[in-house]
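Quick notes on the structure that follows.
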Amino acid sequence: MKKHSFPSYWLVKQEPSAYSWETFVQEGQTEWTGVRNFQARNNLRLMQKGDQVLFYHSVLKPRVVGLAEVITTAYPDPTAKEGDWSCVTLKPTHALKRPVLLQEIKLDPALHGIALLKQSRLSVMPITKNEFLRIVALGENAFP
């Protein structure tokens, strides 16, 4: 996999009933384990220390709720019983002032090409710097 020297931007998805933003913040960091999709695994393997991540709650009330940072590059997923699976370690950096709802993302012209809308079932996906900054700006604005 190609390594890079500049930060990249990612979105990770999780059902809040399985692992919520609040739990992530309380723990202070987490191994992003359990990914069992080859494309998502390959995305994990591209992540570098310092990359910025949007934390997205899926299923009920889908929305971006916070920001995280990659603190370790990919290593073997300790939860994998078989196969070649990877994980990274993430730490929370900032809760958005307000969640950015999936519906807002769908309606925002600046986000029309975001992977979240094109590959909605993928749990780990790259996004562009502009998409990352736009979602952060929406989340830091008190009113949609």
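The values are calculated or read from the model by the stated rules, or taken from the named source; none is laboratory data. All values reported here derive from a predicted model rather than from experimental measurement. Note: ideal-geometry Cβ built from the backbone for every residue, glycine included; neighbour counts use all protein chains shown.
Which of the residues belonging to the range 42-58 are surrounded by fewer than 21 Cβ atoms within 10 Å (Cβ to Cβ) and not hydroxyl-bearing (S, T, Y)?
Result: N42, R45, L46, Q48, K49, G50, Q52.
Looking at (1) within 15 Å of T89 (Cα to Cα); (2) assigned to a helix (DSSP H, G or I); (3) not aromatic (F, W, Y), which one does Q39 not meet, given that it meets all the others?
(1) is the only condition that Q39 fails.
Is it the case, given these coordinates, that T33 is in contact with a strand residue (DSSP E or B) (Cβ under 6 Å, 6 or more places away or on another chain), among the hydroxyl-bearing types (S, T, Y) and at pLDDT 95 or above? It would help to see each step written out before you state the result.
Working: in contact with a strand residue (DSSP E or B) (Cβ under 6 Å, 6 or more places away or on another chain): yes; among the hydroxyl-bearing types (S, T, Y): yes; at pLDDT 95 or above: yes.
Criteria met by T33.
For T73, work out the one condition from (1) more than 15 Å from the chain's Cα centre (by Cα); (2) without any contact (Cβ under 8 Å) to a residue 40 or more places away in the chain it doesn't fulfil.
(1)
Taking into account only those residues within the range 100-140 that are part of a helix (DSSP H, G or I) and acidic (D, E), which is surrounded by the most Cβ atoms within 10 Å (Cβ to Cβ)?
That would be E131.
For the range 64-72, state whether one or more residues are surrounded by fewer than 20 Cβ atoms within 10 Å (Cβ to Cβ), within 23 Å of I135 (Cβ to Cβ) and out of contact with any His (no Cβ under 6 Å at 6 or more places or on another chain).
Looking for residues that are surrounded by fewer than 20 Cβ atoms within 10 Å (Cβ to Cβ), within 23 Å of I135 (Cβ to Cβ) and out of contact with any His (no Cβ under 6 Å at 6 or more places or on another chain), one finds at least one in the range 64-72, hence yes.
Say we look at the range 73-99 and pick out the residues that are of a type in the set (G, A, S) and part of a strand (DSSP E or B); which of these is surrounded by the fewest Cβ atoms within 10 Å (Cβ to Cβ)?
A95
Which one of these does S17 not meet: (1) assigned to a loop (DSSP other than H, G, I, E, B); (2) surrounded by 16 or more Cβ atoms within 10 Å (Cβ to Cβ); (3) among the hydroxyl-bearing types (S, T, Y)?
(2)
Check A80, A74 and return the single one that is under 24 Å from P7 (Cβ atoms) and small (G, A, S).
Going through A80, A74 in turn, the sole match is A74.
Which of the residues belonging to the range 19-39 are over 13 Å from the mean Cα position of the chain (by Cα) and within 11 Å of S123 (Cβ to Cβ)?
Across the range 19-39, the qualifying residues are G34, R36, N37, Q39.
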